[in-house]
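Novice: Take a look at the following structure, please.
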Amino acid sequence: MSQWNAQDYAKSSSVQAIWAQELIAKLNIRGNEAVFDVGCGDGKMTAEIAKRLPNGFVLGIDSSSEMVEFAISEHLQPAIANLQFACMDAREIVSDSFPERLRDRPFDIVFSNAVLHWVNDHPAFLRGASRVLRSGGRLLTSCGGKGNAADIVSVFQALIQQSSWQPYFTNFQFPYFFYSPHEYADWLAESGFQPVRVDLVPKDMIHTGKEGLAGWIRTTWMPYIHRVPESRREELIEEFLQKYLNQHPLDCQGNSHVKMVRLEVEAIKI
């Protein structure tokens, strides 16, 4: 597992934040729900959910202790009593690890944005989500889906086969889990969910120039970047950028574009 740089991620994840805002809007929050945010990252979107819950509560979890510590330091305030963070694996969701006030209260919503493509056992996540949701509770998630970031992956695959990089990638396995709606339909049923929609949604990820793209590569493609010695990581990123932008040049405004595919899942706990 690569170590996250929470501060750098917070600076380089503006697109993920925009997409999270779009997903949060689909929750149609009334203001009194208990919301479980799986993969809270730096915590800014969990805090955004908390603002919409004057009579509710949101718990954000992440498997990265670095992310959780950053979220706590940046977003927990005495005035925000309806927000809490905890370090927890999405594959091992257990109420015994929740804050005491939530251990006996089922959640109304399980929410997750831009996280589950890191998780190698989606059925385990769905079983955990089902356990902590009340009957009739809602699941709403978005993550990389089948075909996601294909141009990025293609450039990385070509790069790591070059003689200067190949020795660092012996026995390297693709580190992300991009699934199709067909696979999810079976998993939802097995976990006690009634699907509302399971869709692949094309997205255009826009970064401000070469620097913005570099920040995203550095902070979210660590399984590739962290395979090489720290002294050579910027060299790898620079070579990647040259290859990618040669194939996909900046637009006339100086922005870079990446074709993404999100798997959006909305379901009801039976």
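The values are calculated or read from the model by the stated rules, or taken from the named source; none is laboratory data. The shown structure was predicted, so the numbers you read here are calculated from the model rather than taken from an experiment. Note that we place each Cβ from the backbone using ideal geometry, even for glycine, and neighbour counts take in every protein chain shown.
Novice: I'm trying to understand the selection: among the residues of the stretch 204-238, which are of a type in the set (A, V, I, L, M) and either on the phi > 0 side of the Ramachandran plot or part of a helix (DSSP H, G or I) (or both)? Full working, then the answer.
Specialist: Looking only at the stretch 204-238, we keep the residues that are of a type in the set (A, V, I, L, M), and these are 205-206, 213-214, 217, 222, 225, 228, 236-237.
Those that are of a type in the set (A, V, I, L, M) and either on the phi > 0 side of the Ramachandran plot or part of a helix (DSSP H, G or I) (or both): Leu213, Ala214, Ile217, Met222, Ile225, Leu236, Ile237.
Novice: Hey, does the stretch 239-259 have a residue that's over 30 Å from Gly137 (Cβ atoms), part of a helix (DSSP H, G or I), within 24 Å of the chain's Cα centre (by Cα) and among the β-branched types (Val, Ile, Thr)?
Specialist: Within the stretch 239-259 (the criterion being over 30 Å from Gly137 (Cβ atoms), part of a helix (DSSP H, G or I), within 24 Å of the chain's Cα centre (by Cα) and among the β-branched types (Val, Ile, Thr)), the answer is no, since none of the residues qualifies.
Novice: Condition first: surrounded by fewer than 18 Cβ atoms within 10 Å (Cβ to Cβ) and either basic (Lys, Arg) or within 12 Å of Ser142 (Cβ to Cβ) (or both). Now tell me which residues in the stretch 28-43 satisfy that.
Specialist: Matches in the stretch 28-43: Arg30 only.
Novice: Let me ask something else. Can you list the helices (runs of 4 or more DSSP H) lying wholly within the stretch 74-190 that have 1 or more residues being within 30 Å of His226 (Cα to Cα) and touching a Lys or Arg at 6+ places or on another chain (Cβ under 6 Å)?
Specialist: Numbers: elements: 122-132, 150-159, 181-190.
Because the criterion is at least 1 residues that are within 30 Å of His226 (Cα to Cα) and touching a Lys or Arg at 6+ places or on another chain (Cβ under 6 Å), the helices (runs of 4 or more DSSP H) in the stretch 74-190 that meet it are 122-132, 150-159.
Novice: Considering (1) farther than 21 Å from Thr219 by Cα; (2) over 16 Å from the mean Cα position of the chain (by Cα), say which one Glu74 fails and leave the rest.
Specialist: (1)
Novice: Ok, one more. Can you go through Val110, Val132 and tell me which one is touching a residue at least 12 places away in the same chain (Cβ under 8 Å), out of contact with any Leu (no Cβ under 8 Å at 6 or more places or on another chain), surrounded by 14 or more Cβ atoms within 10 Å (Cβ to Cβ) and not small (Gly, Ala, Ser)?
Specialist: Working: Val110 fails: out of contact with any Leu (no Cβ under 8 Å at 6 or more places or on another chain).
Just one listed residue meets the conditions, Val132.
Novice: Given the conditions (1) more than 19 Å from the chain's Cα centre (by Cα); (2) buried (at least 20 other Cβ atoms within 10 Å of the Cβ), which single one is not true for Gly192?
Specialist: (2)
Novice: Could you check the stretch 53-66 and list, in sequence order, the residues that are within 18 Å of Pro99 (Cβ to Cβ) and either part of a loop (DSSP other than H, G, I, E, B) or not charged (D, E, K, R) (or both)?
Specialist: Step one: list which residues in the stretch 53-66 are within 18 Å of Pro99 (Cβ to Cβ), which gives 53, 55-63, 65.
Selection gives Leu53, Asn55, Gly56, Phe57, Val58, Leu59, Gly60, Ile61, Ser63, Ser65.
Novice: For the stretch 30-40, state whether one or more residues are in contact with a Cys (Cβ under 8 Å, 6 or more places away or on another chain) and modelled with pLDDT of 95 or more.
Specialist: Our first condition is that a residue be in contact with a Cys (Cβ under 8 Å, 6 or more places away or on another chain); within the stretch 30-40, this holds for none.
No, there is no match, as no residue in the stretch 30-40 is in contact with a Cys (Cβ under 8 Å, 6 or more places away or on another chain) and modelled with pLDDT of 95 or more.
Yes/no matrix, rows are residues, columns are (1) in contact with a Leu (Cβ under 8 Å, 6 or more places away or on another chain); (2) within 27 Å of Asp121 (Cβ to Cβ):
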| residue | (1), (2) |
| --- | --- |
| Met45 | no, yes |
| Gly60 | yes, yes |
| Leu76 | yes, no |
| Leu83 | yes, no |
